[in-house]
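The numbers here are math on the coordinates, done by the rules we state, and not lab data. What you are looking at is a predicted structure, and each value in this text was computed from that prediction instead of being measured. Quick reminder, even Gly has a Cβ in these numbers, built from the backbone with ideal geometry, and neighbours come from all protein chains shown.
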Amino acid sequence: MRSDLIFGALTHVTNRYELCQLASKATRKLHKPNTRLQDTTNEVLDRFKDTIPMDVAAETGVDSLEERRAA
């Protein structure tokens, strides 16, 4: 269900408004023609559940891979 995907994605993005903005941007970029928009949205939320979105990682101060290697 979509609510399970949303609550899973909220583990990395605590602000619901920010989650909505990030999910809509990612859905627009990942959507393929001749597929359902709902399926693309579910895929985006599933990806957010497993990983930290790049914009959120930059704002929260998570070090990038290059910075970790330099240290």
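In this label model, SER3 and ASN42 are separated by 1.6 nm, measuring between points 7 Å along each Cα→Cβ vector. Highest mean first, the peptides 42-49, 31-38, 19-26 sorted by other C-beta atoms within 10 Å per residue fall in the order 42-49, 19-26, 31-38. Mark the label point 7 Å from the Cα of ASP50 along Cα→Cβ and return the residues of the stretch 1-26 whose backbone N is within less than 14 Å of it. It comes to 9, nothing else.
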